[in-house]
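Here the structure comes first, spelled out in structure tokens, and everything after it is commentary.
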Amino acid sequence: MPVHSLLWTFVPQWPPAASPARPRRLRRYTYLLAIGLACSTHPHERAGAEEPAAETPAPTVAPSPAATPALPKEARDAAEKGLADFRAEQFEEARQEFSRMIELAPNHPMGWANLGAVEYRLNALNEAEEDLKKAVHLDPAAASAWLTLGIIYYQKSDLDGSLAALSQAVYLEPNVARNHLYLGVLVRKKGWLDAAGDELRRAVELDENYAEAHFNLAILYLEQKPAAVELARRHYFRALKLGAQSDPDLDRALRPAPANPGVPNN
């Protein structure tokens, strides 16, 4: 693997398939942005929506390629060891390797971005936030680092900060489905249901096999007044076919009621 491809390797992509138990009330069914780090692209927990949204900030201008310094061999070795440790879920060891990489190349965004992701995995949110802010300062075009910052701000209930960071990720990588999914979840929590629908539908357009986008669209359609039940059913069962876990309350809301053999049909 070329070393430069390690640059944003460790961006947390939300919980793995074995997600925590989900709440029972239908109004609570929307995926959370961040409840743990995994080498996965699938968010699985959910939360409600309440507050109004702030304006989306203007995007940051990306630097020229020459702005990123070359890595010395020792720093590349530390990066590769850190990657191997991370994949083995040896996060303390990965933290040490990326800290060493930063000592050897303090002005390279790679070390800060990957250290921030490791800190996030270790639930050191404040440290992860500072590391990732340094990464995007050194490379404002690092879309995945912006995405991770959006997760952290979400967990800290800084929804305006999360909106700014996730909007930046979408601006920098507009054709990445997961960016639209996570922004859709965030703006739904902020109360922008129409905008949430736009982002989730865009995620499905970009990746028809994105189970989480279908699942969230099903939830959103059920929340509409009046509920768009047929659209919700279509996306829910598509999500199940793609591997999403079924949910008892959504099943009750969307599966046809079984016929009662004791009641004659008129």
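We did not get these values from a lab; they are worked out from the coordinates using the rules stated. The structure presented is a predicted model; accordingly, all values stated were derived computationally and were not measured. Glycine gets a Cβ as well: all are built from the backbone with ideal geometry, and neighbour counts include every protein chain shown.
Structure notes:
- Looking only at segment 78-91, and only at residues there that are surrounded by fewer than 23 Cβ atoms within 10 Å (Cβ to Cβ) and among the aliphatic types (A, V, I, L, M), the one that is farthest from ASP131 (Cα to Cα): ALA88
- Residue list for segment 137-161, restricted to those being without any contact (Cβ under 8 Å) to a residue 40 or more places away in the chain, under 17 Å from LEU125 (Cβ atoms) and either in a helix (DSSP H, G or I) or not basic (Lys, Arg) (or both): TRP146, LEU149, TYR153, SER157, ASP158, GLY161
- The residue that is nearest to GLY161 (Cα to Cα), counting only those in segment 179-228 that are small (Gly, Ala, Ser) and not in a loop (DSSP other than H, G, I, E, B), is GLY184.
- Of ASP139, ASP160, all but one fail to be farther than 21 Å from GLY82 by Cβ and of a type in the set (Asp, Glu); the exception is ASP160.
- Among residues of segment 201-228 that are under 18 Å from LEU250 (Cβ atoms) and touching a residue at least 60 places away in the same chain (Cβ under 8 Å), those with a beta-carbon under 7 Å from a residue that is crowded, with 19+ Cβ neighbours inside 10 Å and aromatic (Phe, Trp, Tyr) at least six positions away or on a different chain give the pairs GLU212/TYR31; PHE215/TYR236; ASN216/TYR31; ILE219/TYR29.
- Residue count, segment 97-114 (criterion: in a helix (DSSP H, G or I), over 22 Å from GLY150 (Cα atoms) and in contact (Cβ under 8 Å) with a residue 12 or more places away in the chain): 6
- Against the test of being outside any loop (DSSP other than H, G, I, E, B), among the small types (Gly, Ala, Ser), surrounded by 15 or more Cβ atoms within 10 Å (Cβ to Cβ) and in contact with a Pro (Cβ under 8 Å, 6 or more places away or on another chain), the options ALA75, ALA117, ALA128 yield a single qualifying residue, ALA117.
- Criterion violated by SER144 - all others in (1) over 18 Å from LEU172 (Cβ atoms); (2) surrounded by 18 or more Cβ atoms within 10 Å (Cβ to Cβ) satisfied: (1)
- Of all residues in segment 92-114, those that are surrounded by fewer than 20 Cβ atoms within 10 Å (Cβ to Cβ) and within 22 Å of the chain's Cα centre (by Cα) total 0.
Results for (1) touching a helix residue (DSSP H, G or I) at 6+ places or on another chain (Cβ under 8 Å); (2) farther than 12 Å from ILE152 by Cα; (3) of a type in the set (D, E, K, R), shown as yes or no for each residue.
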| position | (1), (2), (3) |
| --- | --- |
| ARG95 | yes, yes, yes |
| ARG100 | yes, yes, yes |
| GLY111 | yes, yes, no |
| ASN114 | yes, yes, no |
| ASN123 | no, no, no |
| ALA128 | yes, no, no |
| ASP131 | yes, no, yes |
| ALA135 | yes, yes, no |
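- Counting the residues of segment 171-185 that are surrounded by fewer than 24 Cβ atoms within 10 Å (Cβ to Cβ) and either of a type in the set (A, V, I, L, M, F, W, C) or without any contact (Cβ under 8 Å) to a residue 40 or more places away in the chain (or both) gives 6.
- Residues located in segment 176-201, provided they are over 15 Å from the mean Cα position of the chain (by Cα) and either among the aromatic types (Phe, Trp, Tyr) or farther than 25 Å from SER246 by Cβ (or both): LYS190, GLY191, TRP192, ASP194, ALA195, ASP198
- Residues located in segment 216-231, provided they are small (Gly, Ala, Ser) and within 22 Å of the chain's Cα centre (by Cα): ALA218
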